[in-house]
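Engineer: Just passing along the structure, written as structure tokens.
The values are calculated or read from the model by the stated rules, or taken from the named source; none is laboratory data. Quick caveat: nothing in here was measured; it's all calculated off a predicted structure. Virtual Cβ from ideal backbone geometry, glycine too; neighbours counted across all protein chains shown. Just so you know, the surface numbers come from the protein's heavy atoms only, side chains and all, with ligands and any DNA or RNA stripped out. Shrake-Rupley method; radii C 1.70, N 1.55, O 1.52, S 1.80 Å.
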Amino acid sequence: MDETAKQDLVFLELRQKLQRGLLFIRSDIARDGADVEIESKQDSILNIQTADRTYQVHLTAGVSLMETSCQKSPGSTEHGSHFTLRLRVDQPSEAPCSVIGQLQVKVTHSFLCQSCGSMVLQDRAFGRVLPLPNGNWNALVDDWCCHPDPFANRKLLPRDGDCLLGDTFILLARDSSCEQTLTREGNSSQQASAEKRSSKRVMVSCRSCSAVLGEELTAEVLKFYITEILVKPREDGECDIAQLSLETKPNSVRERFLEQTLASRLVELSSAQSIFRFSIQTPDGKAVILLWLLNTDTLVASFPDAAARGDSFISAGDVHPREHQSCQAVQAVKVLYVLCSDSKLKDVVDVWEKDISVHPVPLPQGSCEELQKLLMSSTFRLPAFLRCMNSYQVTYLVMLDCLVIIVHQAIHPRDINEKRDTKSKNSLEKFRLAYVL
């Protein structure tokens, strides 16, 4: 498969603060930009008409296209056509809260394994929900203490009824139910001494699926990473496991959850502490990815190529000229990133590691590896001219649970294969759902 085939057929980026947008249409969809019609048929609905099919983008409430504002950009290439748009933004979208922002005092929560949906901790109510100091606070102690560090070799740990919030994790007191839902790394017996625990990280995993959820800091304190657990307030009722996993696409839900969780948390950290550069690290402090937050006011929408995606719902040859596709524009964060494993960018990595303004973001080793694959996959789907900026790769992290494309394809009775069932023959419209990866 060539590089162009990996790109999305249509890609839309909208900047709410600038009230401007960029639309890219691949060359095999619109060979000449002159045969493309772009209009706002209704409030917050963008209609893109090409010679073969129609793409409809549902924008968020309060965002619409200004009439006669679409212009073809001279930057169009053999890979596709570019269009610039002007927007009317009456109400900018608000970023969704991460798990950290959802935990509240005196609200009963249940904690579930994100991988399998099994209950890990049930009906926990907290008397205190407190933020921990900044991730690199130890490095600044000397600046505000006139005497030797009073916190040296001391950890901030929760008491019973406490929930302490880190940048990407929560600290909770262990209870008796953990013996039935969690397993420890190594021997299950309580023979690990405090000295051994301090020299080696003791990981805790889900007893049902063996997914690593966090660490055991002491015999009484557990550390859960927000990328590995789901938090469900009691008033939401019982957790619907069907919403947490898909039989047809087991990886898509995990990827979406990881992407949404990280994007939402980075926006919260950036807003609260005015930081924009992050170092994604393993629990032992090894930098894996360097992230630079650019835009947090972005809406994106895309229509992937079914052949490139390998989607089980839409086959490569199942494209009909009278096709109508629609999708929802979703909030996203535009980021620049560098993989620390890239030896060609060692100088960039060295500069970031020495800069105290770069904020450390610890994640489990497995999540770091998943994030690398997710970032690279997202970058390859972008138009070629958007993939790089100087030495950095570019991508967009979506801040919503799932992006769904609904395909409505009109079918003429004579086009229906005789081998299909009778019910399909009598139907003049077919609905298909494709989860965007």
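Engineer: Taking the stated definitions as given, is Asp175 of a type in the set (Asp, Glu), under 24 Å from the mean Cα position of the chain (by Cα), open to solvent by 30 Å² or more (accessible area, probe 1.4 Å) and modelled with pLDDT under 90?
Structural biologist: When the stated conditions are applied, Asp175 does not pass them.
Engineer: A further question follows. Identify all residues within segment 105-128 that are outside any strand (DSSP E or B) and touching a residue at least 60 places away in the same chain (Cβ under 8 Å); write none if there are none.
Structural biologist: Val107, Thr108, Gln114, Ser115, Cys116, Gly117, Ser118
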